[in-house]
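Below is one structure, written out as structure tokens; comments come after it.
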Amino acid sequence: MCGILALLLADSNASANLELFEGLQLLQHRGQDSAGIVTCGPKGRFYQRKGNGMVRDVFDQKHLQNLVGNLGIGHVRYPTAGTSSHSEAQPFYVNSPYGIVFGHNGNLINTQEIKNYLDFHTHRHINTDSDSELLLNIFANNLQATNKVRINEKDIFTAIKGLYERCIGGYACVAMIAGFGIIGFRDPYGIRPICYGRRETIKGTDYMFASESVVLDALGFTEVIDINPGEAIIITKTEITKSRLIEAKNFAPCIFEYVYFARPDSVIDGISVYSSRLVMGEYLADQVLKKCGNSMDIDVVIPVPDTSRVAALQAAYKLKLPYREGFIKNRYIGRTFIMPGQQMRRTNVRRKLNAMALEFADKNVLIVDDSIVRGTTSKEIVQMARDAGARKIYFASCAPPIKYPNVYGIDMPSRQELVAHNRDDDLIAKEIGADVIIYQELDDLLESCKKFNPNIKSFDCSVFNGEYITGNVTTEYLEHLENVRNDVAKSFKDTLHSPDTTDLHNNFGFSSKSQVKCGSFWAY
């Protein structure tokens, strides 16, 4: 999962750098592996800073001052395809045609087909394992086909439509063309989120694209609108142009955005994440009552911070039980689910959370979490509760059992790494050390979101039911993913791309943390 931004300021003398930086900090929860910003200044010159690490680690005041220009795009990443190499930090860039910068959130499922096309038919060099680079080169090649010195909005829409016809998967993208403007578009199924807003100033109207509405709210943008499936938006200094380039196949936003990824203060596709999690808590309380019956002996409800707090609070209210903050979080540790490697995840759970014996000692506790993926975090949390003196542990998940890999941009590819794969509830409880495991029903989870936007009839729930909305997901493809994207494979690939290994960065050969001029491109 990644976070993307694009900003165009009406004042040509203003700098987009600081607001892009602030926006990426607001999206830090969506990716902690790398961060990057590219701006466009006078004469269409690009200025770049990107690298591995958190937003605050990649940028300092000097770096931001060097990012010149009133428009730019930003990206935070954790890898689903490719590696954690510096060379795969986004945004990506190609100088031909016209100078294009590109950022992407999601994942493609026909990457090999696209690689072959780019290699044998268009003769474009692909320098990384990232499917974002494939999307960029398909877009660039389609624009190249216009054979024009200068392009217009119609040419860009035609290029994006061609991309839709060739690229299969879940993706939300932002792009910037030198001296022209910014672009945002979304896959035909609307799996990955992207929205945009406007802000009136004395110089005119500013525009911003973002993965989540919280960024636009925080930076003073209003009239926030979600980009429709198959729709593209082009924003220049003079106008905004929209086009629905392909009919939505079957509008199906990713349900996991509401369960886990998105901030609770975001609204995605007309659905308040906060409100949906409240309803998830109510439905989860029903499952607790169903599981325990008249013999319920729970003393207290305790959330696993932060994502499950809203649901846990509502579940406690409906169960008429006290709600307590039994786990204290170290806010300076990243999200363990998106950390690479089982051992790192296991170690960081203990560093991230501390259990207060005051709330656990000699009590039967209901621990509420947003989901159970690999079970690594859950197992450590249960053990921490035991160590703090809990007598009996009920472990409740706001999501149903995750049994299948995700192919649209969430890093849970290997079935063998999913604790619910080939296990029933009793075996899962035993695996994580809980006395009782309680899962949300899929229909209840869907209703938690549908009730706030009845126009959305379906969601991508492939991690729960194995039904992939785009089709074309074969057993062979899933086996390939498991072979290249399990923890062991990732560890090996990241070793190959260690800091001691020199990478060529995005086809123009420089380190993202050096200051080098390449044509009309400055990198810092």
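Observations on the structure shown:
- Over the stretch 3-249, Cα pairs under 8 Å with separation of 6+ residues give a relative contact order of 21 percent.
- Residues with amide H under 5 Å from that of GLY389, placed H, sequence gap 5 or more: none
- Residue ranking by accessible heavy-atom surface, 1.4 Å probe, largest first, among HIS104, HIS421 comes out as HIS421, HIS104.
- Our estimate of slack between LEU18 and HIS421, defined as 0.36 nm per intervening residue step minus the Cα-Cα distance, is 140.6 nm.
- The stretch 137-221: trypsin sites (Lys or Arg not before Pro) in DSSP coil with no more than 11 other Cβ atoms inside 10 Å: ARG150
- Placing a label point 7 Å from the Cα of ASN453 along the Cα-to-Cβ direction, the residues of the stretch 206-239 whose backbone N falls under 12 Å from that point are 212-213, 225-229.
- Shape of the stretch 3-249, Cα gyration tensor, a/c cut at 1.5: rounded
- With the helix formula -39500 (n - 2.57) applied to DSSP H stretches of n ≥ 4, the chain reaches a computed 222 nm mean residue ellipticity of -9000 deg cm²/dmol.
- Counting protein heavy atoms only, the chain has 48 percent of its accessible area on carbon and sulfur, 1.4 angstrom probe.
- Between ILE438 and PHE395, ALA396, SER397, the built amide H atoms are under 5 Å apart, and every one of these is 5 or more places off in sequence or on another chain.
- The packing ranking, built from the mean of other Cβ atoms within 10 Å per residue, places the peptides 298-306, 171-179 in the order 171-179, 298-306, highest first.
- Using 0.36 nm per residue and subtracting the Cα-Cα separation, the extra length available between GLU165 and ALA145 on full extension is 5.6 nm.
- Relative contact order, percent, the chain [alpha-carbon distance under 8 Å, six or more residues apart]: 15
- For the stretch 67-72, 3J(HN,Hα) computed residue by residue from phi via the Karplus equation (6.51, -1.76, 1.60; θ = phi - 60°) reads 8, 8, x, 9, 9, x Hz, glycine and proline entered as x.
- Computed from label points 7 Å out along Cα-Cβ, the spacing between GLU200 and ALA357 is 6.1 nm.
- Estimated vicinal HN-Hα couplings, Hz - the stretch 261-275 in sequence order (Karplus 6.51, -1.76, 1.60; Gly, Pro = x): 6, 6, 5, x, 8, 8, 10, 10, 6, x, 10, 5, 4, 4, 5
- Mean separation of Cα contacts under 8 Å (6+ apart) over length of the stretch 168-319, as relative contact order %: 19
- Between the stretch 235-252 and the stretch 176-191, the C-alpha centres lie 9 angstrom from each other.
- In terms of distances greater than 26 angstrom between alpha carbons, the cross-link table entries LYS318/LYS450; LYS43/LYS203; LYS50/LYS161; LYS291/LYS457; LYS291/LYS320 yield LYS50/LYS161; LYS291/LYS457.
- Each of the peptides 253-260, 430-437 was scored by the mean count of other Cβ atoms within 10 Å over its residues; in descending order, highest first, they stand as 253-260, 430-437.
- Annotation: per residue accessible area for the stretch 177-218 equals 25 Å², rounded to a whole number [probe 1.4 Å, protein chains only].
- Quarter of Cα convex hull surface for the chain, i.e. mean projection, nm²: 23.2
- Extension gain, MET296 back to ARG244 (0.36 nm per residue minus Cα-Cα distance, nm): 13.4 nm
- Under Karplus coefficients 6.51, -1.76 and 1.60, residue-wise ³J(HN,Hα) of the stretch 17-24 in Hz, glycine/proline x: 4, 5, 6, 5, 4, 5, x, 5
- Computed from point charges on the beta carbon alone (+1 for Lys and Arg, -1 for Asp and Glu), the dipole magnitude for the chain about its Cα centre is near 1000 Debye.
The values are calculated or read from the model by the stated rules, or taken from the named source; none is laboratory data. No experiment lies behind these values; they were computed from the predicted model shown. With ideal geometry, Cβ positions are generated from the backbone for all residues, glycine too; neighbour counts draw on all protein chains shown. Ligands, DNA and RNA are excluded from the accessible area calculation, which covers all protein heavy atoms including side chains. Shrake-Rupley method; radii C 1.70, N 1.55, O 1.52, S 1.80 Å.
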